[in-house]
Amino acid sequence: MKLYEYLGKELFRDYGIPVPRGKVVSSPEEAAAAAEGLADVVIKSQVLSGKRGKAGGISFASSPAEAKTEAERILKMELNGLVVDKLLVEEKLSIEQELYLAITVDGSARCPVVLASLDGGMDVEEVAEERMIKWPIDISIGMQSYMVREICRQLGISGNLQKEFISFLPKLYRIFRALDAELAEINPLAVTPDGLVAADAKVTIDDDALYRHSSLPKIKEKTALELKAEELDLAYVELDGNIAIMANGAGITMATLDIVQHYGGAPANFLDFGGGADVERTAQALELLLGTNPKVLLINIFGGITRCDVVAEAFVQVKESRGIDLPVSFRLVGTNETEGRDILAKVGIKAFTTMDEAVRHAVELTGAA
Amino acid sequence: MAIYVNEKTRVLVQGITGKQGSFHTGQMLAYGTQIVGGVSPGKGGQKVEGVPVFDTVFAAMEKEPAEAAILFIPAPFARDAALEALNAGLKLVVLIPEHIPLHDAMEIMAYAKAKNAVVVGPNTFGLVSSGRSKIGIMPNRYFIPGPVGVVSRSGTLCYEIVGHLTTGEIGTTTVVGLGGDRVVGLHFIDVLSQFEADPDTKAIVLVGEIGGSAEEEASAFIKKSVSKPVIAYLAGKSAPPGKRMGHAGAIIERGRGTFASKVKALSAAGVKVAALPNEVATMVKEVL
């Protein structure tokens, strides 16, 4: 779960990391009030999308009246499909240099890793590899001062800046650990006449650990269908095509999408209903798919933990209760295959045994092949 | 031969009295796995499928010493159970559960490293040395002995590909599921080096997917240290960037971990990449 910038900055403040003075607002009038008493301000849209600056979601003002006008403009905007309803109005920093600092999870090293660079700012993704310092942290000892000194040496910074890093980095690591973060990123980390200030805050919490952080607000920027799928604990992603796809397991679901495309079809979604689902959950997954009005339904089941008879039964249940009038291509093998096939046969559906046949049939049914 | 597990490996099942734990204990016993004990706090003294249940891993180890443990434990409690197994001296710990918090997984991996133990998963179907023993949840009948080593990030897709091999009457030495999470114990290169050293493994199948850099790291390793033929299949060719496709790993970010970069790396290492899952068996046949 990504946190809005203003929430990330509240966290930073709680852990003693300097952030600019400012306020989160949701109307032009509040923006004007927030700019009162500050010289120049920056007005930042609070959406969970990168590249806000490039998309026009960040603006500057040098008076409360100007802040009001700018806030009015940004509050009406849609940024990468997300409507702006909150702004962060804060003091404009006098920035001497923009650094980059982040802690994230390194899958290859199986541990946290510090990323640091002197070339922070908008184009940090393009920073040359040798200009981005990577320091893996042994989680059993955590962040130590010597690590920060070594990171500073590799960055080539010393003196006051090094002193600030030694106080700064352990705080960021504490946030990373305490909040079960996948990412705690500051870009840019501003060098100002008053020292280091976190000019931005990007904190992502591990979804699987949210149960340990019930005090955090629930943040969701998803479509209604994706939210519904989440309620049902289904992995669901909307796509643009017309073949609705349901399979069990992320890998095989992705492979199903790939094969559909290989044969010239267009997937309407990714839906992995996982392993071991019962009739009710399988039926709910089906209902959800049918709600998207696809042209063809493709079900690809290789039963391991998932039982074929359960899937077949759920299908028949939904078919009988609401009527499935669109063409269906069904592939069914694995655990309790015979029982599953018998159930489908009763409603006149002959399931395929291979994924290839089922996909080709689905594509034919759309008329694309 | 087989890697990591064989018919002599003594296995403990943590969470043996639960629905999944008891069901898969039965399945593993049916496959020939030496399940010597189960652990379920507060349920010591019971039996599941004829297997004695203990309150703690230490109690189990006193009566029935084992080398491996498999966990059927709800995600919030998995770290505790995994650390217990490692502390008690188990050298192979298979983490079946999905949704284990990332930070818990990192702590488990750090402790396993200190204990010189191997962790498989989390979010894995486990591993099976065909015809000998399985420590996992894969359907028994597809895993017949033969000359091919298989290593996969995803579960059902791996069954799919092994299913095609089995239909083509090609068996497997060992099949290892690495797990779909961002932090997992075994990586491709660990398993590849074992297959390279195993005289019975004549060819290797690698099943990967988009996201992360595991396939690129595997490619570099194969180029340098693997002499046996490797066939690969990769899922996620059609996935749009920035969308999370279920697995924590299956996401493309910042242009890294893309399908194209993985195919390029694997091809450069001499790996043949199948366009469709059902081509893998045919391609394996050609190199055997």
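Summary of computed values
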{"read-out": "In segment B:80-115, the residues that are within 18 Å of the chain's Cα centre (by Cα), within 14 Å of another protein chain (Cβ to nearest Cβ) and of a type outside the set (A, V, I, L, M)", "value": "B:P97, B:E98, B:H99, B:K113"}
{"read-out": "Residue match in segment A:321-340 (condition: under 23 Å from A:L225 (Cβ atoms), in the same structural domain as A:E230 (by TED's automatic domain parsing) and either in contact with a Gly (Cβ under 8 Å, 6 or more places away or on another chain) or buried (at least 22 other Cβ atoms within 10 Å of the Cβ) (or both))", "value": "yes"}
{"read-out": "B:K223 being more than 11 Å from every other protein chain (Cβ to nearest Cβ), in contact with a strand residue (DSSP E or B) (Cβ under 9 Å, 6 or more places away or on another chain) and among the basic types (K, R)", "value": "no"}
{"read-out": "Flag if A:A314 is hydrophobic (A, V, I, L, M, F, W, C) and more than 13 Å from chain B (Cβ to nearest Cβ)", "value": "yes"}
{"read-out": "Criterion (within 33 Å of the chain's Cα centre (by Cα), under 19 Å from A:T253 (Cβ atoms) and modelled with pLDDT of 90 or more) met by exactly one of A:L297, A:L288", "value": "A:L297"}
{"read-out": "Segment A:325-336 residues that are on the phi > 0 side of the Ramachandran plot, paired with ones that are acidic (D, E) (beta carbon under 7 Å, 6 or more apart)", "value": "A:N336/A:D309"}
{"read-out": "Scope segment A:346-367; condition part of a helix (DSSP H, G or I) and touching a helix residue (DSSP H, G or I) at 6+ places or on another chain (Cβ under 9 Å); matching residues", "value": "A:K346, A:M355, A:D356, A:A358, A:V359, A:R360, A:A362, A:V363"}
{"read-out": "Residues within segment B:26-38 that are out of contact with any strand residue (DSSP E or B) (no Cβ under 7 Å at 6 or more places or on another chain) and of a type in the set (G, A, S), tallied", "value": "2"}
{"read-out": "Qualifying residue in segment A:306-313 (condition: at pLDDT below 95, more than 23 Å from A:G251 (Cβ to Cβ), β-branched (V, I, T) and assigned by TED's automatic domain parsing to the domain that holds A:L257)", "value": "no"}
{"read-out": "Positions within segment B:193-217 being under 15 Å from B:G177 (Cβ atoms), within 11 Å of another protein chain (Cβ to nearest Cβ) and part of a helix (DSSP H, G or I), in sequence order", "value": "B:A214"}
{"read-out": "Check on A:V279, out of contact with any strand residue (DSSP E or B) (no Cβ under 8 Å at 6 or more places or on another chain) and closer than 19 Å to A:F352 by Cα", "value": "no"}
{"read-out": "Number of the condition not met by A:A224 [criteria: (1) surrounded by 13 or more Cβ atoms within 10 Å (Cβ to Cβ); (2) more than 26 Å from B:P76 (Cα to Cα); (3) without any contact (Cβ under 8 Å) to a residue 60 or more places away in the chain; (4) among the small types (G, A, S)]", "value": "(1)"}
{"read-out": "Condition broken by A:A71, with the remaining ones in (1) within 14 Å of another protein chain (Cβ to nearest Cβ); (2) surrounded by 18 or more Cβ atoms within 10 Å (Cβ to Cβ) satisfied", "value": "(1)"}
{"read-out": "Every residue from segment B:9-25 that is assigned to a loop (DSSP other than H, G, I, E, B) and in contact with a strand residue (DSSP E or B) (Cβ under 7 Å, 6 or more places away or on another chain)", "value": "B:T9, B:G15, B:I16, B:T17"}
{"read-out": "Residue that is nearest to the chain's Cα centre (by Cα) [pool: residues in segment B:54-75 that are surrounded by fewer than 21 Cβ atoms within 10 Å (Cβ to Cβ), outside any loop (DSSP other than H, G, I, E, B) and touching a residue at least 24 places away in the same chain (Cβ under 8 Å)]", "value": "B:A75"}
{"read-out": "Unique residue being acidic (D, E), under 30 Å from A:P20 (Cα atoms) and surrounded by fewer than 24 Cβ atoms within 10 Å (Cβ to Cβ) when the list is A:D207, A:D240, A:D233", "value": "A:D207"}
{"read-out": "Among residues of segment A:126-149, those that are surrounded by 17 or more Cβ atoms within 10 Å (Cβ to Cβ) and part of a helix (DSSP H, G or I), counted", "value": "2"}
{"read-out": "Residue check for A:C152: surrounded by 19 or more Cβ atoms within 10 Å (Cβ to Cβ), over 22 Å from A:G8 (Cα atoms), within 11 Å of chain B (Cβ to nearest Cβ) and out of contact with any Lys or Arg (no Cβ under 9 Å at 6 or more places or on another chain)", "value": "no"}
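The values are calculated or read from the model by the stated rules, or taken from the named source; none is laboratory data. Since we're looking at a predicted model, the values are computed, not measured. Positions of Cβ are generated from backbone atoms using ideal geometry, with glycine treated the same way; all protein chains shown enter the neighbour counts.
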